[in-house]
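The values are calculated or read from the model by the stated rules, or taken from the named source; none is laboratory data. Worth saying up front: this structure is predicted, and the values here are computed from it rather than measured. We place every Cβ from the backbone using ideal geometry, glycine too, and count neighbours over all the protein chains shown.
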Amino acid sequence: MPSRLWRGAGHSDWDDDPVGEDDDLWFLPEPDEEDEAVPPGAAPLPRANRQSLFDPAEWRTAQDSLSAELARLIQVFGELDVRLRDAGQGALFLPLATTGPTAFQGQGAVKDKLEAWLRVAEQACLAALLQLERVTLWCKRAREAVQDLSGRTPVLLLGVLEAWPLVSAPLAAAETDALRVAVQRNFERLMERGLARKITGQGWYRMWTAMV
């Protein structure tokens, strides 16, 4: 969502589109197309209220005054994107959920709202980078800890735990092509070695996560 906002702060390696004067205001509604021709004798189509909800000039001014904050966010998000591309997929969106709902609770003047959003977005990217670092260290430790286990299921389960924050028994069985009893038995082994923990649920509805 904020990629158009960032283009207003200048060109980046992650965006090859030319910078336009209005590209920075990603939150502005697009102009409506003309209504299709109304059949003769038909009542005119209802039209939405076109009154502006805010002054775009205020947001342009706020954005110009926060160029340093925008630059920091671009840099951190770029680092996150590079880390995720190394694992097979880039950053498709900002991980705002990692910091709770505060990104959408801005109050006060326009500049204060935008500054708060940028601050929370940067914190979210940093939190995601830290989690990726924890997962990387866990993967190295986990693979060393299961070298003595026989079969392919333990190593495959480590890959599932690496890719998903929460893993159910059906997901693990589908991803590893293993039987239910094999999945549950190997999860027990991983828990005994401090590599995984059970979150909640019983039987087929149990959920596991990596102990990063």
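Condition test on L94, is it more than 24 Å from the chain's Cα centre (by Cα), outside any helix (DSSP H, G or I) and in contact (Cβ under 8 Å) with a residue 40 or more places away in the chain? Answer is no for this residue. Looking only at residues that are hydrophobic (A, V, I, L, M, F, W, C) and farther than 18 Å from D64 by Cα in the stretch 96-119, which one is modelled with the highest pLDDT? Checked the stretch 96-119; the qualifying residue modelled with the highest pLDDT is L96. Scanning the stretch 105-135 for residues that are of a type in the set (S, T, N, Q) and surrounded by 15 or more Cβ atoms within 10 Å (Cβ to Cβ) yields one hit, Q123.
Among the residues examined, R85 qualifies as under 15 Å from the mean Cα position of the chain (by Cα), of a type in the set (D, E, K, R), loosely packed, with under 12 Cβ neighbours inside 10 Å and modelled with pLDDT under 90. Check whether at least one residue in the stretch 159-176 is at positive phi and outside the structural domain of R85 (by TED's automatic domain parsing), and report yes or no. Looking through the stretch 159-176, none of the residues is at positive phi and outside the structural domain of R85 (by TED's automatic domain parsing). Suppose the filter is more than 27 Å from L84 (Cα to Cα), out of contact with any Phe, Trp or Tyr (no Cβ under 6 Å at 6 or more places or on another chain) and at pLDDT below 90; does R206 pass it? Against the criterion (more than 27 Å from L84 (Cα to Cα), out of contact with any Phe, Trp or Tyr (no Cβ under 6 Å at 6 or more places or on another chain) and at pLDDT below 90), R206 qualifies. Scanning the stretch 164-190 for residues that are out of contact with any helix residue (DSSP H, G or I) (no Cβ under 6 Å at 6 or more places or on another chain) and closer than 21 Å to T136 by Cβ yields W164, P165, L166, L190. Of the numbered criteria (1) assigned to a loop (DSSP other than H, G, I, E, B); (2) of a type outside the set (V, I, T); (3) on the phi > 0 side of the Ramachandran plot, the one G100 fails is (1). When the stretch 55-71 is filtered for residues that are surrounded by fewer than 16 Cβ atoms within 10 Å (Cβ to Cβ) and not hydrophobic (A, V, I, L, M, F, W, C), the ones remaining, listed by number, are D55, P56, E58, T61, D64, S65, S67.
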